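**Q** Next up is a structure, given as structure tokens.
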DNA sequence: TCCTTCTTTTCGGTGAACCGAAAAATTAGT
DNA sequence: ACTAATTTTTCGGTTCACCGAAAAGAAGGA
């Protein structure tokens, strides 16, 4: 019924709306999957026919309830596998992705549950991203993008995108970690432990705080 | 370069010559893989073109040195994964096969080595079958098929085929296990712990003893 | 040997997932 | 509002691994 390719599409679409509200366009999807736009058009039509996605010609793509449920299951696999590789096999965060990308399509539900159990049924992966439940439910905490947070807002750092190169290192330098409590002092300035820290100009769109 | 399908073919061909000297025919290969004969013809030609297999039209198929090396690597993956699932996730021998069948194509060399290390670099799987080394070397002990063993020959049970239905249970009943020392008393009669045990008539072709 | 039977190959065809080039639709600039 | 640039779709084509039907080859029996 499903396939590795279908899973990858759903996962990407889900991923895109996890922290942003904008729906994904075919060209974004194509570039994130590393595929030609024409391939995306074709596959999106198939997904729509299966009721996993809604899409009218030339418009953006979004998941149906069924598609979202399926996507959550795949994200769950991916994040559990990543957590497992890091915790039990000493993988670094950089190494873990490509292995998980393949294993998420190969591991049975039974083995996945064995891994989940062995890890103590974690709710978050090492990046701080939520691991959906086995039933597809996602536990989400209210959040704001740093760019959208009002001046003076304080909250825990919930997530830092790994797509902005160098950002993780910059935050590390300022000893800002996932979980740290920070306050917004300016467009790209945070107060951390009473000290003001300036971030790269790309940071506001790549850091999420609890609301 | 390789693919899951190629791996499956090589594995089957290897498997067939592991305990028997006869080379495999296209029709046997087709039935063991659950494929149409025409599919086998086609794939075998591709394998031959890649130098993994030798085959002249209407003849049997055998692995080249390169093919055998590749096959050993796949068998290694398969058997390590099976061992791991049994030891660390409580899989039964019956359950383990289909999961390993998929994972053997998905796990990276790095993760495989992590698993190997965690298991203490085992040389045999729970069935008693040898696990090839990482470099493709297979440690084999000299063996005889029970059907070929001379009367009075004594040796350890090295392997019992899981293809003869009921045989594993029959041997279990007689408390003959992989590793047990037995002596040949007749065509289908073994001496075990000083007692004579009669086996089903299918047994002599499905039990291997150390030479 | 010749004829039948069984095995293997050849041949045309399928579905999945991809591609590039060209056409169509949308969006943006002035 | 109209043209230019961009995005999306359409269309024909590819590769991989499979299939069934029919032809070709090998093997066995009288």
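**Q** Pick out the one residue from A:69, A:153 that is more than 16 Å from DNA strand D (Cβ to nearest atom), over 29 Å from residue A:28 (Cα atoms) and either surrounded by 14 or more Cβ atoms within 10 Å (Cβ to Cβ) or at pLDDT 95 or above (or both).
**A** Selected residue: A:153, the only one of A:69, A:153 that is more than 16 Å from DNA strand D (Cβ to nearest atom), over 29 Å from residue A:28 (Cα atoms) and either surrounded by 14 or more Cβ atoms within 10 Å (Cβ to Cβ) or at pLDDT 95 or above (or both).
**Q** Evaluate the following for residue A:113: is it over 22 Å from residue A:180 (Cα atoms), surrounded by fewer than 16 Cβ atoms within 10 Å (Cβ to Cβ) and either within 14 Å of chain B (Cβ to nearest Cβ) or at pLDDT below 85 (or both)?
**A** So residue A:113 fits the description; yes.
**Q** Could you check, for region A:52-59, whether at least one of its residues is away from DNA strand D (no atom under 13 Å from the Cβ) and within 14 Å of chain B (Cβ to nearest Cβ)?
**A** no
**Q** From the residues in region B:23-59 that are more than 12 Å from DNA strand C (Cβ to nearest atom) and not in a helix (DSSP H, G or I), which one is surrounded by the fewest Cβ atoms within 10 Å (Cβ to Cβ)?
**A** B:34
**Q** Determine which member of the set B:159, B:140 is under 30 Å from residue B:88 (Cβ atoms) and without any contact (Cβ under 8 Å) to a residue 60 or more places away in the chain.
**A** One residue alone meets the criteria, B:140.
**Q** Can you tell me which condition residue B:172 does not meet? The list is (1) within 19 Å of the chain's Cα centre (by Cα); (2) at negative phi, and all the others hold.
**A** (1)
**Q** Can you tell me which residues in region A:88-108 are in a helix (DSSP H, G or I) and touching a helix residue (DSSP H, G or I) at 6+ places or on another chain (Cβ under 9 Å)?
**A** Scanning region A:88-108 gives A:88, A:89, A:93, A:95, A:96, A:97, A:99, A:100, A:101, A:102, A:103.
**Q** So if I check each of A:134, A:170, A:147, which one is under 30 Å from residue A:108 (Cα atoms), in contact (Cβ under 8 Å) with a residue 12 or more places away in the chain, in contact with a helix residue (DSSP H, G or I) (Cβ under 8 Å, 6 or more places away or on another chain) and not in a strand (DSSP E or B)?
**A** Among A:134, A:170, A:147, only A:134 is under 30 Å from residue A:108 (Cα atoms), in contact (Cβ under 8 Å) with a residue 12 or more places away in the chain, in contact with a helix residue (DSSP H, G or I) (Cβ under 8 Å, 6 or more places away or on another chain) and not in a strand (DSSP E or B).
**Q** Shifting gears a bit: Going by the structure shown, is residue A:185 farther than 23 Å from residue A:95 by Cα and either touching a residue at least 40 places away in the same chain (Cβ under 8 Å) or not in a helix (DSSP H, G or I) (or both)?
**A** Here the answer is yes, as residue A:185 does meet what is asked.
**Q** Residue under question is residue B:81, and the condition is that it be assigned to a helix (DSSP H, G or I), within 16 Å of DNA strand D (Cβ to nearest atom) and crowded, with 16+ Cβ neighbours inside 10 Å; does it hold?
**A** The answer is no for residue B:81.
**Q** Given the criteria within 14 Å of DNA strand D (Cβ to nearest atom), away from chain A (no Cβ under 14 Å) and surrounded by 19 or more Cβ atoms within 10 Å (Cβ to Cβ), does residue B:13 qualify?
**A** In short, yes.
**Q** Then there is this: Go through region B:16-31 and give me each residue that's within 13 Å of DNA strand D (Cβ to nearest atom) and at pLDDT below 95.
**A** Within region B:16-31, B:23 is the sole residue that qualifies.
**Q** If we keep just the residues of region A:116-137 that are surrounded by fewer than 15 Cβ atoms within 10 Å (Cβ to Cβ) and within 12 Å of chain B (Cβ to nearest Cβ), which is nearest to residue A:70 (Cα to Cα)?
**A** Ranking the candidates gives A:117 first.
**Q** Also, quick follow-up: Among what's in region A:32-51 and is within 27 Å of residue A:205 (Cα to Cα) and away from DNA strand D (no atom under 11 Å from the Cβ), pick the residue that is farthest from the other protein chains (Cβ to nearest Cβ).
**A** Of everything passing the filter in region A:32-51, A:32 is farthest from the other protein chains (Cβ to nearest Cβ).
**Q** Condition first: out of contact with any strand residue (DSSP E or B) (no Cβ under 9 Å at 6 or more places or on another chain) and not in a strand (DSSP E or B). Now tell me which residues in region A:194-206 satisfy that.
**A** Result: A:194, A:200, A:201, A:202.
The values are calculated or read from the model by the stated rules, or taken from the named source; none is laboratory data. Please read these numbers as outputs of a predicted model, since none were measured by experiment. Every residue, glycine as well, gets a Cβ built from its backbone with ideal geometry; the counts of neighbours run over all protein chains shown.
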